[in-house]
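Asks: Below are the structure tokens for one structure; questions will follow.
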Amino acid sequence: MTGYALKVRGLRKQYPKVLAVDGVDMEVRCGEVFGLLGPNGAGKTTTLEIIEGLTEPDAGEIEILGFDLRTQGREIRSRIGVQLQSTSLFNKITPREALELYGGYYPKRRSAQELLERVQLIDKADAYHTTLSGGQQQRLALALALVNDPELVFLDEPTTGLDPQARRSLWDIVRSMKQEGRTVILTTHYMDEAEALCDRLAIMDHGRILTTGTPSELIAQMGLPSVVELFFEGAAPDAAAFTAQSGLAVDRRGDRWELAVTDPKTTLPSILDSAEACRVPFEQIHMRRATLEDVFLHRTGRSLRE
Amino acid sequence: MLLWRQFVMEWKLYLRDRGATFWTFAFPVILLLGFGFMFREGAGPMTTLVWVTEGGGHAEDAALTKALTHVKILKLDSVEAQHRWAKGETAAQLESSAQGHRLRVNSYLMAQGQTAAQMVQQANLVVQAQAKGLQPEVIPISVESPGGRRNAGYGAFLLPGLLGVNLLSIGLFGVGMVNVAYREKGKFRRLGVTPLPKWIFLLGQILQRLTVSLAQASFMVLVARLALNIRNQGSYPEFFLAILMGTAAFMAMGFALSTFTKTLEGYSALSNVVFLPLMILSGVYFTLDAAPLWIQKVLLALPLAPYVKALRGIFNDGAHLWNHAAGLALVMAWGLVCFFIAVKRFRWN
Ligand SMILES: Nc1ncnc2c1ncn2[C@@H]1O[C@H](COP(=O)(O)OP(=O)(O)OP(=O)(O)O)[C@@H](O)[C@H]1O
Ligand SMILES: [Mg+2]
């Protein structure tokens with residue numbers, strides 16, 4: 001299938017105290033891995049849950065796989081796979097039984113054995129789900145999301161709370177979903193994850209989508225491809241004098257200054273000169289390519305994991 | 001088909017839950033057997049009368065001893081008796097001297113003490129009458145039930161009560177609490193993203209609970225029959241129909257109650273506020289006869305007391321469902337009201 005797996009227009013959701021989703025428009029193409037990136041409370045989960053049909057929006061149009069969510073919910077639910085942010089199995093059920101039980105809810109289903117192999121849970125197939133480790137439980141949640149051979153898969157923070165190795169193994173599973181031609185929509189607050197997995201990203205904060213594009217587009221859009229970092233012993237000092245001298249904006253973060261620059265080749269000498277003139281007691285200087293983290297910082301003035 | 005799978009899965013998960021199976025199957029049977037054996041009929045005289053004689057005692061002591069039946073007599077000297085009394089072990093104490101008799105009844109053990117004291121009084125009257133050459137006539141007592149098919153013994157009394165409490169706990173905990181947990185932990189949400197119609201899930205759960213309560217009642221009746229020789233005096237279809245009615249009503253209560261709180265902690269508090277008073281005050285373990293009439297009336301308006309009464313009527317006295325129509329109708333009315341509250345307030349998340 002070509003075209004769009006998901007089209008969302010004008011989504012809004014007001015909770016008693018917060019406007020959780022504030023006019024979200026989104027288009028996801030068939031076969032791509034699309035990431036929703038944003039800090040805690042940005043509205044990622046609320047957005048996904050509205051799309052999955054779990055939360056009633058105050059306004060907005062949602063078209064999934066060509067169906068209208070409002071009138072063709074059942075059709076949609078049998079074609080999508082969902083992994084929710086909070087785990088939701090808690091009885092004494094085994095992975096195999098859970099896959100068979102949930103598979104039974106769908107007209108089209110995949111064999112439990114095949115799915116268990118896919119997520120490497122064969123060893124634990126008949127252990128109670130409560131005895132699985134965090135990573136194993138997440139893998140089971142992924143297998144459950146694939147039980148109906150879905151065209152579109154939603155993963156809400158699939159790797160949060162996992163160790164690096166478990167994260168890698170989940171990344172592999174997500175990549176193989178893409179290879180099988182599924183569309184994947186995931187949320188995360190890890191930059192490296194977004195860069196590693198996503199074809200396209202939307203950066204979200206305070207219920208709004210700030211910008212959308214491929215990771216490299218987003219970095220290029222910022223127009224500040226490099227970052228110079230000055231490291232200090234202890235807390236970074238005030239930068240007012242330095243800024244006055246050099247004309248460069250400084251972002252103080254913990255033990256360092258960060259300066260986003262367009263042309264490091266010409267800027268670097270002037271940074272060094274100004275630092276010298278203002279007697280800035282830095283220990284080390286370091287230059288790197290801008291990352292999504294910088295894009296986020298630039299867009300919102302906040303770091304992703306604050 | 002979907003419903004059947006859901007039902008089978010509910011049973012599987014239920015049987016794996018040791019806590020639930022213990023409280024529904026094992027615990028009531030333990031209570032029944034324990035109390036049933038302790039208080040079985042003809043378990044010997046229960047009250048002990050301490051008897052202290054001072055000097056040579058009273059002239060009529062021998063005759064009094066002869067006239068005293070159904071009470072265990074323990075003769076002690078005054079020092080030992082005083083010691084036993086001080087420890088609080090004596091329910092009633094008879095002191096006899098040449099001048100006459102005196103009875104002391106322990107204010108903490110009134111029930112036993114009063115019984116023993118009255119037996120002494122009666123024996124004493126008999127002795128006095130005999131001394132005047134009279135042969136007093138004792139009026140025979142026969143204990144019968146309204147339906148004339150009485151199941152005697154405390155075990156038999158207890159059995160329907162325990163079944164009633166169990167249905168209440170299946171409703172409040174097996175249904176209400178489980179659904180609060182499902183809602184809180186997101187199980188309902190996980191189901192919400194599948195095409196499974198939610199009513200199938202709930203119906204599977206309800207049918208499973210109904211079969212649990214039937215299985216549990218059958219098990220109790222069987223154990224009672226084999227171990228305590230207690231028989232159902234009524235008809236089994238009516239008995240099990242009553243069980244089903246109770247299960248339905250109390251499940252509706254659980255559903256309704258589960259809509260008033262979002263968290264498990266909140267629900268435990270709420271459900272115990274309902275469960276404990278109902279369990280203690282509904283005539284499950286002892287009859288309500290002794291309570292003031294207005295309290296009995298209040299309790300009989302709550303759902304458990306009339307239900308237990310009806311179940312007891314059927315099981316112990318061979319009554320029919322329609323003999324307890326009013327009580328059962330009240331229980332079903334409670335169920336219906338709760339059902340409507342549940343339907344109106346129930347939320348999946
Ligand atoms: N059921 C709810 N009732 C009231 N407020 C809610 C509810 N769910 C979410 N919110 C609020 O809406 C905002 C967005 O929450 P949401 O869960 O969508 O954020 P998120 O981006 O998924 O965050 P996280 O990264 O922590 O998962 C938050 O401020 C949250 O407190
Ligand atoms: Mg979230």
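Asks: Can you find a residue that is within 18 Å of residue A:5 (Cβ to Cβ) and either assigned by TED's automatic domain parsing to the domain that holds residue A:77 or over 17 Å from the mean Cα position of the chain (by Cα) (or both) anywhere in segment A:130-147?
Replies: yes
Asks: Can you say whether residue A:187 is within 16 Å of ligand 1 (Cβ to nearest atom), touching a strand residue (DSSP E or B) at 6+ places or on another chain (Cβ under 6 Å), assigned by TED's automatic domain parsing to the domain that holds residue A:41 and closer than 30 Å to residue A:300 by Cα, as far as the supplied structure shows?
Replies: So residue A:187 passes the test.
Asks: Which residues, taken from segment A:54-78, are within 21 Å of the chain's Cα centre (by Cα) and more than 7 Å from chain B (Cβ to nearest Cβ)?
Replies: A:55, A:62, A:64 - these are the residues of segment A:54-78 that are within 21 Å of the chain's Cα centre (by Cα) and more than 7 Å from chain B (Cβ to nearest Cβ).
Asks: Of the residues that sit in segment B:229-280 and are outside any helix (DSSP H, G or I) and of a type in the set (Gly, Ala, Ser), which one is nearest to the chain's Cα centre (by Cα)?
Replies: Out of the qualifying residues, it is B:234.
Asks: To continue, here is another question. Show me the strands (runs of 3 or more DSSP E) entirely contained within segment B:1-106 in which 1 or more residues are of a type in the set (D, E, K, R) and within 19 Å of residue B:117 (Cβ to Cβ).
Replies: So the answer is B:72-76, B:92-97, B:100-105.
Residue-wise test of (1) in a strand (DSSP E or B); (2) away from ligand 2 (no atom under 13 Å from the Cβ); (3) crowded, with 23+ Cβ neighbours inside 10 Å.
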position: A:21; (1), (2), (3): yes, no, yes
position: A:40; (1), (2), (3): no, no, no
position: A:54; (1), (2), (3): no, no, no
position: A:71; (1), (2), (3): no, yes, no
position: A:74; (1), (2), (3): no, yes, no
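Asks: More than 20 Å from residue B:331 (Cα to Cα), within 14 Å of chain A (Cβ to nearest Cβ) and either out of contact with any Pro (no Cβ under 9 Å at 6 or more places or on another chain) or at pLDDT 95 or above (or both) - does that describe any residue in segment B:264-272?
Replies: Scanning segment B:264-272, I find at least one residue that is more than 20 Å from residue B:331 (Cα to Cα), within 14 Å of chain A (Cβ to nearest Cβ) and either out of contact with any Pro (no Cβ under 9 Å at 6 or more places or on another chain) or at pLDDT 95 or above (or both), so the answer is yes.
Asks: Inspect all residues belonging to segment A:79-95 and state whether any of them is crowded, with 20+ Cβ neighbours inside 10 Å, of a type in the set (A, V, I, L, M, F, W, C) and more than 9 Å from chain B (Cβ to nearest Cβ).
Replies: The answer is no, given that none of the residues of segment A:79-95 is crowded, with 20+ Cβ neighbours inside 10 Å, of a type in the set (A, V, I, L, M, F, W, C) and more than 9 Å from chain B (Cβ to nearest Cβ).
Asks: Which condition breaks for residue B:7 when tested against (1) in contact with a helix residue (DSSP H, G or I) (Cβ under 6 Å, 6 or more places away or on another chain); (2) away from every other protein chain (no Cβ under 14 Å); (3) aromatic (Phe, Trp, Tyr)?
Replies: Failed condition: (2).
To keep it simple, each residue is scored yes or no on (1) of a type outside the set (Asp, Glu); (2) more than 30 Å from residue A:106 (Cβ to Cβ); (3) out of contact with any Ser or Thr (no Cβ under 8 Å at 6 or more places or on another chain).
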| residue | (1), (2), (3) |
| --- | --- |
| B:185 | yes, no, no |
| B:188 | yes, no, yes |
| B:198 | yes, no, yes |
| B:211 | yes, no, yes |
| B:216 | yes, yes, no |
| B:227 | yes, yes, yes |
| B:239 | yes, yes, yes |
| B:266 | yes, yes, yes |
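Asks: Would you mind stating whether residue A:60 is more than 13 Å from ligand 2 (Cβ to nearest atom) and either buried (at least 23 other Cβ atoms within 10 Å of the Cβ) or not assigned by TED's automatic domain parsing to the domain that holds residue A:192 (or both)?
Replies: Criteria not met by residue A:60.
Asks: Evaluate segment B:114-133: report whether one residue or more is modelled with pLDDT of 90 or more, touching a Phe, Trp or Tyr at 6+ places or on another chain (Cβ under 6 Å) and outside any loop (DSSP other than H, G, I, E, B).
Replies: Checked against the condition, which is being modelled with pLDDT of 90 or more, touching a Phe, Trp or Tyr at 6+ places or on another chain (Cβ under 6 Å) and outside any loop (DSSP other than H, G, I, E, B), segment B:114-133 yields no hits at all.
Asks: Tell me whether segment A:17-34 contains one or more residues that are touching a Pro at 6+ places or on another chain (Cβ under 8 Å) and within 14 Å of chain B (Cβ to nearest Cβ).
Replies: Looking for residues that are touching a Pro at 6+ places or on another chain (Cβ under 8 Å) and within 14 Å of chain B (Cβ to nearest Cβ), one finds none in segment A:17-34, hence no.
The values are calculated or read from the model by the stated rules, or taken from the named source; none is laboratory data. Just so it is clear, the model here is predicted, and its values are computed rather than measured. Neighbour counts are summed over all protein chains in view; Cβ atoms, including those assigned to glycine, are modelled from backbone coordinates with ideal geometry.
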